[in-house]
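Here's the structure, in structure tokens; my notes come after.
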Ligand code: 13P
């Protein structure tokens, strides 16, 4: 009923030629092993790589995502990249509100809500990230933190656009640490996220939204994570930089 999605987030890794090689090798595999309908593949590449990667791949098989976008349409915003620019290169998705952007670049839910709205306006699919820190989990506040992040980040997103949105739950303590949330911990939060979406919109809408898990997903642990009812795929960091690992994670779905 809802799409399964395996999305890579390359973060600030690879030079353009290396990124193109990686995109090419994924493309070769997936063109000869077409994913069944309802399974989508996405690679989240640095801005500098979007154009070259889009040219290398068959967009009916793999989509390209940017890893961020501006909350502004155009104008005097030195160094920013607008959703319209991203769209004009042929990217189809944009990762928004990653915890690294929240923690290292001071992104707030207010700004994130504007980015999500502008991405929709430019016909990009936002992959909206949420997730708690270790401290927040240890103090038992993780559900409320995630509820607040979703409520505030989606405040400009209506019923029409929410179904063009992907949610990624990425517990900060599991990102790049080798510590994965247990399948039960992840399922518990994904079910909660779907409940929040049903309250903000409706149950039929919540049931249509793909919710991805991110945080130390690897070929070895992907199957048990993806087997959970409310987990519709993954947002993969480190393991998306090796085509073999990314392909094996895809196979797990
Ligand atoms: P890792 O898979 O490297 O833990 O990164 C997860 C992530 O942040 C994806 O956006």
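Quick one: plug the Kirkwood hydrodynamic radius of the chain (C-alpha pairs) into Stokes-Einstein at 10 °C, 1.306 mPa s, and report D in µm²/s. Approximately 88 µm²/s, per Stokes-Einstein.
Segment 26-48 and segment 188-216 have Cα centres separated by 24 Å. Using Cα pairs closer than 8 Å and at least 6 residues apart in sequence, work out the relative contact order for the chain, in percent. Taking the mean separation of contacting Cα pairs over the length of the chain, I get 20 percent.
Within the listed set 90, 75, 237, the residue fluctuating most in the Gaussian network model of the chain (springs between alpha-carbon atoms under 10 angstrom) is 75.
For the options 233, 97, 176, a Gaussian network treatment of the chain with springs between C-alpha atoms closer than 10 Å singles out 176 as fluctuating the most. With a simple spin-label model that places each label point 7 Å from the Cα along the Cα-to-Cβ direction, the separation between residue 110 and residue 152 comes to 0.9 nm. Segment 72-125 and segment 130-151 have Cα centres lying 23 Å from one another.
Full extension of the chain between residue 32 and residue 78 yields a length gain of 12.4 nm, computed as 0.36 nm times the residue separation minus the alpha carbon distance. Springs join every pair of Cα atoms under 10 Å in this Gaussian network model of the chain, and among 138, 148, 228 the largest mean-square fluctuation is at 138.
Rg/Rh for segment 187-247 stands at 1.06; both radii use Cα atoms, and Rh follows the Kirkwood definition. In this rough spin-label picture, where each label sits 7 Å from Cα along the Cβ direction, the residue 60-residue 13 distance is 3.1 nm.
Rule-based calculations on the coordinates, nothing more; no lab input. Quantities reported herein were computed from a predicted structural model and do not represent experimental measurements. As a convention, Cβ positions derive from the backbone with ideal geometry for all residues, glycine included, and neighbour counts pool all protein chains shown.
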